[in-house]
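Only the coordinates and a few stated rules stand behind these numbers; no lab work does. All values reported here derive from a predicted model rather than from experimental measurement. Every residue, glycine among them, receives a Cβ derived from its backbone with ideal geometry; neighbour counts consider all protein chains shown.
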Amino acid sequence: MRFAITDLKLGRQSRVLMAVIALVTTFIFTNDWSSEENHTQPVEKPEIIKPTENAALATETITVNGVDFEMLAIKGDRFQMGSPDDEPERGSDEKQHEITVADFQMGKYEVTQSQWQAVMNNNPAYFKGDDLPVEQVNWDDVQVFISRLNQSTEKTGHKFRLPTEAEWEYAARAKTNTPFYPYDGKGDCITATYANFTTYPNFKSDYNNKNCGAKNQNSVGKTVVVNSYQPNAFGLYNMVGNVWEWTCSVYVENYDGSEKECSSNNNANIRLVLRGGAWSIYELFYLRSAKRISTTSGERSDNIGFRLSRM
């Protein structure tokens, strides 16, 4: 299933309008206006919920130009990729099928602005902050970053890359099979307690699985630091929300094995897979573990980032 860019994110004007609506609503309910924010000001970190389970294997730390990259070792296995036919609001491109994933490493966090700066000597992000995820990077930008990073770490014998689509979903599910990762112990819903996505007072989600909804919690309205919220059972942070994450796989509507491979095609017209949802998403079905989004390699946005992988 292909999506227009308007399906991928809210446009700038739409975000401004929704932000105004949110402010007016807040005034009505609290009779208090929030102070004006500047994108260069420090971002308030949400309360971190301590994990109740962490099944991650060893962590390897790689230091480049004084900045650490933490990679978690993930044990591969077979799993059911995609969604069952009866999962509410599933996409037609989510055919459930068994996939075997080999052992691999994945970044504990989304790549940060300080990490990008250490390798690329620039910072393209809209929301500024060393520990915020780098965003406004397209797929081609990321490939340049990875190439330079690999030049700096070639003596380790491990090559960084983006995760394949299959690796990404396997890591996001962390041995679960529910629509959402079960931070709440159930997995039929997700709220702003567990992930950074857009909610507004009295906004009700269209997602209809067991009355799942936003629970009237206020959203942050921008990216948050990469160690916010509770990690999943593999120890990975923000696999849901915050920023969409690039994978290295070509998008094919009917799974054909491309989900297990990295694209070597430099054709600007091919579509690549994004996963995970973002801070700007307000429809919960986008935050499901099986949800797929595709776009071209040149797409940049303040809600698109990435995390690293390697064998």
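Filter the cross-link list 155/175; 159/291; 108/175 down to pairs whose alpha-carbon distance in this structure exceeds 24 Å.
Over 24 Å Cα-Cα: 155/175; 159/291.
Using the number of other C-beta atoms within 10 angstrom as an exposure proxy, rank 60, 94, 110, 154 with the fewest first.
Starting with the residue having the fewest Cβ neighbours, the order is 154, 60, 94, 110.
Give me the extension gain from residue 98 to residue 155: residue separation times 0.36 nm, minus the current Cα-Cα distance, reported in nm with one decimal.
17.0 nm
Rounded to whole Å and ordered largest first, report the semi-axes of the equivalent ellipsoid of the stretch 124-164 derived from its Cα gyration tensor (root of 5λ).
Rounded to whole Å, the semi-axes are 22, 12, 9.
Taking amide hydrogens as modeled 1.01 Å from N in the peptide plane, which residues meet the under 5 Å criterion relative to residue 235, leaving out close sequence neighbours?
Here the answer is 55, 56, since their amide H atoms fall under 5 Å of that of residue 235.
Counting other C-beta atoms within 10 Å, which of 130, 68 has the fewest, and how do the rest follow?
68, 130
What is the set of long-range amide H partners of residue 273 at a cut-off below 5 Å, with H atoms built 1.01 Å from backbone N?
Long-range HN contacts for residue 273: 247, 249, 251.
Can you give the log10 of the normalised intensity I(q)/I(0) at q = 0.24, 0.25 Å⁻¹, computed with Debye over equal Cα scatterers of the stretch 212-295?
-1.23, -1.28
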